[in-house]
Amino acid sequence: MDVLTYQCPQCGAPLTFHEDTQRWDCAFCMGSFDVETLEKLEQEKKNQDTPEPEAPQEDAANMTEYTCPQCGARIVTDETTAAAFCVFCQNPTIFPEKLQGAFRPAKVIPFVKTREDAQKAFRKLCSKKPLLPKDFYAPDRIEKITGVYVPFWLFDCDSSGAMTASATRVHTWSDRKYRYTKTDYYRIERAGILNFGKIPADGSKKMDNALMDSIEPYDMSKMVDFTSAYLAGFLAERYDEDHEAVYPRIKTRVEESLENALRSTIDGYTGVMVQDKHFHICDQGHRNVLFPVWMLMSKYKGKDYLFAMNGQTGKIVGDLPISKSRAAAWFAGITAAASLLLFLGGLLF
């Protein structure tokens, strides 16, 4: 098993992928290369006769130790990490054997949003929250920003379903003496077929499922064939939940979508109550892909706050603390305004 770094063909320095240009740049000689050039260089390197690389050493905790080809330092990773950095020289390092065979992604969406974009998105998110402590979004509040290629499964599913509901339609009218109410009762049946393509679900136990779901959608039309060159300069994970493990989440998602679609066809009634529903979901295919995510961590009063930003679209989500003093002031202001309105209302009447 080998350690892979992408080096500048002009000076030998490490190359890093840049989101804005979609190219790999050298910070030393200012060289810039596209993916086709790097793939050609990688193939030429494989064709050369090279000594057998030193095999990584694994310990009892499933940690793997590699040697940094740039400075010789030891790089220790867990069994799912496929790309990382040397903590001493910051050389971006890829572990290609982690993404071989069944673990090799079919597609990848490259990073589009930069680290600076993630910082701006975090500040913008905080600026719209009046109850947020003022010192939470200080310039030095973000302790860590990490670009991660997260493993996702994409599913294609066919679904069919049927729904039975009871509904009412209420009419009211009145004359000079009485008010009348007429209620009509209906039995409603609906059935339909829906086909779904490229439904995503993250396949990493390290990632919070709700957080990964919240930063959707991704533009699937921007997926490209996977090459490890895109991992240079970022962390990357391989899946540790296979397609069978994540399929129940996909099944639930498809069932909810199908139910909502059938329910949306029932209109024009005063009240509707679903009595029975049956769904059939069929997995028509799945594949392993990598999607870009910026992970941001902020610590406030001893508690960690984690945020995730879609590395393609810039959508950011996460939990924020609430300032008790600002919340109390806000509540007091609302109460005072309501009391004033009640007082003025009393004067008017």
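Summary table below
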quantity: FRET E, pair Y186, S221, Förster distance 41 Å, beta-carbon r, rounded to 0.05; calculated: 0.45
quantity: Area accessible to solvent at S257, 1.4 Å probe radius, in Å²; calculated: 50
quantity: Neighbourhood net charge (12 Å Cβ-Cβ; Lys/Arg +1, Asp/Glu -1) for D117; calculated: +3
quantity: Projected label distance in nm at K144 and Y178, using a 7 Å step from Cα toward the beta-carbon; calculated: 7.4
quantity: Debye intensity ratio I(q)/I(0), log10, the range 152-227, q values 0.15, 0.24, 0.25 Å⁻¹ (C-alpha model); calculated: -0.77, -1.13, -1.17
quantity: Residue-normalised accessible area of the range 274-314, given per residue in Å² at a 1.4 Å probe; calculated: 46
quantity: Surface accessible to a 1.4 Å probe, E237 within the full protein complex, Å²; calculated: 20
quantity: Accessible-area value, T93, 1.4 Å probe, nucleic acids and ligands omitted, Å²; calculated: 0
quantity: Solvent-accessible area per residue, Å², over the range 170-261 with all protein chains present [probe radius 1.4 Å]; calculated: 60
quantity: q = 0.19 Å⁻¹, the range 62-119: log10 I(q)/I(0) [Debye, one scatterer per Cα]; calculated: -0.84
quantity: Accessible-area ranking of K205, K107, largest first, probe 1.4 Å; calculated: K205, K107
quantity: Size descriptor, Kirkwood hydrodynamic radius, that averages inverse alpha-carbon separations across the range 233-292, Å; calculated: 15.0
quantity: Sites A261 and M63, calculated FRET efficiency, Cβ-Cβ separation with R0 41 Å, nearest 0.05; calculated: 0.30
quantity: Computed label-point distance, nm, for sites M297 and D20 using a 7 Å Cα→Cβ extension; calculated: 2.8
quantity: Ranking by accessible area, most exposed first, for C89, C68 with a 1.4 Å probe; calculated: C89, C68
quantity: Residue order for K98, K315 - accessible surface, 1.4 angstrom probe, largest first; calculated: K315, K98
quantity: Label-to-label distance, nm, for residues given as D240 and D34 (7 Å Cα→Cβ offset); calculated: 3.9
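The values are calculated or read from the model by the stated rules, or taken from the named source; none is laboratory data. Fair warning: this is a prediction, and the values are worked out from it, not measured in the lab. Note that we place each Cβ from the backbone using ideal geometry, even for glycine, and neighbour counts take in every protein chain shown. Side chains are part of the model used for accessible areas, which takes the heavy atoms of the whole protein and leaves out ligands, DNA and RNA. Shrake-Rupley method; radii C 1.70, N 1.55, O 1.52, S 1.80 Å.
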